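K.L.:
Here it is: the structure, laid out below.
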Amino acid sequence: MSFSASPRPPSGPRRRSLLVSAAGAAGAVLLVGCSGDPEAGEPAAERSAADAARARAGRDSEALAARYAAVIAAHPGLAERLRPLREDVLRHVAAFGAGRAASPGASASSGASPSVSARAAGPGDDVGRVPADEKDAVALLAGAERKLADRRAEALLEVPGELARLLASVAAAGAAHVYLLTDGG
């Protein structure tokens, strides 16, 4: 049994022209949504809350980088293993817009500076206290990374899109660091 096409033309627009029109409309919506300012159109209160969250995340990364510097200074034998992770943390500092004076390339090559370590740590933070045992020092870093990654994952629901994506990415990097410091090391 053979089926042939209907001799009469279909009435109304064809499916292909509808799809092209829908795709064009969707593209136009996306272009309108993509402005130069990722937070354009947000109320001022949301923007200031996002700015505060971004600054806090930057300070947290600075404190974590200071922890890495303190462990590297106390245990130079760990430097080769820890330096790449610290460089990642310094890139996170830059991504959050914190520590403009300390670029990842310059800070990573300069080694551990006690004054930078003390300044980046908040009051009451025990950044300078590094366990005498290397395994305990690495466990301290893994714990700090885990705690910070968890805190950032929780904060995702409270910040706008672009910052949420950045926090998610940095939290994932922190989780990878935990793995490298514990099981993957």
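K.L.:
ASP88 versus (1) among the acidic types (Asp, Glu); (2) assigned to a helix (DSSP H, G or I); (3) at pLDDT below 95: which is the lone unmet condition?
P.N.:
If we test ASP88 against (1) among the acidic types (Asp, Glu); (2) assigned to a helix (DSSP H, G or I); (3) at pLDDT below 95, just (3) comes out false.
Residues are listed down the side, and each one gets a yes or a no for (1) at pLDDT below 95; (2) within 18 Å of the chain's Cα centre (by Cα); (3) buried (at least 20 other Cβ atoms within 10 Å of the Cβ):
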| site | (1), (2), (3) |
| --- | --- |
| PRO76 | no, no, no |
| GLU80 | no, no, no |
| SER113 | yes, no, no |
| VAL127 | yes, no, yes |
| GLU158 | yes, yes, no |
| GLY174 | no, yes, yes |
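K.L.:
Condition test on GLY105, is it open to solvent by 40 Å² or more (accessible area, probe 1.4 Å), part of a helix (DSSP H, G or I) and either at pLDDT below 95 or in contact with an Asp or Glu (Cβ under 7 Å, 6 or more places away or on another chain) (or both)?
P.N.:
Answer is yes for this residue.
K.L.:
Taking ARG146, is it over 18 Å from ALA69 (Cβ atoms) and under 12 Å from the mean Cα position of the chain (by Cα)?
P.N.:
no
The values are calculated or read from the model by the stated rules, or taken from the named source; none is laboratory data. None of the values given here were measured: they were computed from a predicted structure. Don't worry about glycine lacking a Cβ; one is built from the backbone with ideal geometry, like all the others, and counts go over all protein chains shown. For accessibility, only protein heavy atoms count, side chains too; no ligands or nucleic acids. Shrake-Rupley method; radii C 1.70, N 1.55, O 1.52, S 1.80 Å.
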